[in-house]
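The values are calculated or read from the model by the stated rules, or taken from the named source; none is laboratory data. Fair warning: this is a prediction, and the values are worked out from it, not measured in the lab. A quick note on method: Cβ atoms are made from the backbone with ideal geometry, for glycine too, and the neighbour counts reach across all protein chains shown. Protein only, heavy atoms only, side chains kept; ligands, DNA and RNA dropped before computing areas. Shrake-Rupley method; radii C 1.70, N 1.55, O 1.52, S 1.80 Å.
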Amino acid sequence: MARRTPDLTVIGGGLAGLTAAITAAEAGARVTLHEAHHTLGGRARTAGAEPGEQTQARYRTHNGPHALYAGGPHWTWLKRRDLLGPVTGVPLHEAARLRFHRGGVLRRTPPAALLRLLRHRPEHAPVDEDFTTWAGRVAGVDGARAAAHYTAVALFHHDPGSLSARFVQERLRRTTALPPEAHYPLGGWSAVVDRMAARAWNLGVRVETLSRLDTVPTDTPVVVATSLEAARRLLRDPTLTWDSGRTALVDLALRRRRGDAFAVSGIDFPAWIERFTAQDPSLAPSGESLLQGQVPLAPHESAADGSARAELLLDLAYPGWRSRTVWRRDAVAQGRTGALDRPGTTWRDRPAIDRGDGVYLAGDMVAAPGVLSEVSFTSAIEATTLALRRAVPAAPGLDLKFG
Ligand SMILES: Cc1cc2nc3c(=O)[nH]c(=O)nc-3n(C[C@H](O)[C@H](O)[C@H](O)COP(=O)(O)OP(=O)(O)OC[C@H]3O[C@@H](n4cnc5c(N)ncnc54)[C@H](O)[C@@H]3O)c2cc1C
């Protein structure tokens, strides 16, 4: 009996769309991927990595992911396919230059309360309670606030303590794990995107760039792998919403100075500044350091409020930074930093992957587990599995074991 080749349309060519396309093509599907932009990668594009980008071609900056967490399923998925490529960690002598902004000064050691809280597995933290209330019982009110502010590194929220205790505790544990989970693709995330795109190409995926779809095709199953906001417009479904962060971003290239901090964690207020050339000097020309600061903003705050708080930390941790600045860019990332779960909710409560009628959602704000972009990978694999099962319910020889 001849095997039926299932067709699949993927909308969006970020990490989720590329994962969906590769997964489906590996299982034998004929895949067409539509991407609105002229290049692939979505938020994982590295600026300065594209030929012809003149303005800041000297700096490889990110408006999305920096760290790739080794404990996530996407790590194994990429590694098995040889798509991870060279990654780097933070050298020990640089890690020793992590500073904590507490009591108005920079300190070398984390708050003791953080260590006390780290003994608790995420399952010990209640879903229904906010982090501040639960952590306050474990480590005191000040300790709970300090730990909550530390998690800004992966939460991008102005009041992380107001979120579900289980959700925050998982991120607290992942971001403080030893050995550190955070790894960094050498040359930036575009290197990973390029490898994923090459894999898709080799598997025969038809990639249409500069192809923004306004409606969803009805002749094949579809994986909508856009941001949730774009999916809401595309599917004309106002229920497709979930909380996400709003954060000021300050990118800076400084003339290098020995002894600069590797990173500053905001404990008095949520913030994180990291000198990414510490782990990957190729991101900036020699003699220069590339930093990105992110300062979460409350709804009533402006971008200038965030920049001002970032400058306060820069003054403390990077002496003379104003006169050493070679390039600077200020921006705000709104609703782009992944899902945030409020008390009483978990990832299972987010918009479901199966939308009915052969339409499936993937991305970092939908009902799938993981931290940050891990949700995009996990949901893409689930969405593709469901889509192909629908296309070919019992296809002999169709490999639906994705690992
Ligand atoms: C400041 C910041 C820091 C972050 N740090 C980290 C980190 O350290 N680690 C981590 O893991 N994650 C991090 N993230 C999160 C990470 O960037 C995202 O989770 C991930 O990149 C999302 O990928 P995606 O494919 O789901 O969505 P996207 O990257 O948004 O891709 C969606 C794609 O769909 C395309 N599209 C939209 N509409 C249409 C349409 N109608 N037709 C065709 N194409 C369309 C878009 O052009 C885009 O390319 C960070 C995010 C931000 C903003």
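Cβ neighbours within 10 Å, averaged per peptide: list 191-199, 328-336 in order, most packed at the top.
191-199, 328-336
Quick check on packing: order 150-160, 289-299 by the mean number of other C-beta atoms within 10 Å, highest mean leading.
150-160, 289-299
Label THR76 and ARG116 with points 7 Å out from Cα along Cα→Cβ: what is the distance between them in nm?
Those two pseudo-labels are separated by 3.6 nm.
Does a label point 7 Å from the Cα of ARG256, set along Cα-to-beta-carbon, have any residues of the range 284-323 with amide nitrogen under 20 Å, and which are they?
Label zone hits: 284-293, 317-323.
So what is the calculated 222 nm ellipticity per residue for the chain, using -39500 (n - 2.57) for each DSSP H run with n of 4 or more, over all residues, to the nearest 500 deg cm²/dmol?
Rounded to the nearest 500, it is -9000 deg cm²/dmol.
Which of the peptides 111-117, 92-98, 62-68 is most tightly packed, and how do the rest follow, going by the mean number of other Cβ atoms within 10 Å of each residue?
Going from most to least packed, we get 62-68, 111-117, 92-98.
Using a simple charge model, +1 on the beta-carbon of Lys and Arg, -1 on the beta-carbon of Asp and Glu, nothing else, what dipole does the chain show about its Cα centre, in debye to the nearest 20?
It works out to roughly 900 debye.
I'd like the per residue volume of the convex hull spanned by the Cα atoms of the chain, given in cubic angstrom.
140 Å³
Provide the solvent-accessible area of VAL87, counting protein heavy atoms only and rolling a 1.4 Å probe, rounded to the nearest 10 Å².
Ignoring ligands and nucleic acids, VAL87 comes out at about 50 Å².
Multiplying the sequence separation of LEU186 and SER302 by 0.36 nm and subtracting their Cα-Cα distance, what value in nm do you get?
38.4 nm
Separation of the range 103-128 and the range 303-356 by C-alpha centroid, Å?
Each part's Cα centre sits 21 Å from the other's.
Counting other Cβ atoms within 10 Å of each Cβ, which trypsin sites (Lys or Arg not before Pro) in the range 1-42 have at most 15 and sit in a DSSP loop?
Counting only loop positions with at most 15 other Cβ atoms within 10 Å, the trypsin sites (Lys or Arg not before Pro) in the range 1-42 are ARG3, ARG4.
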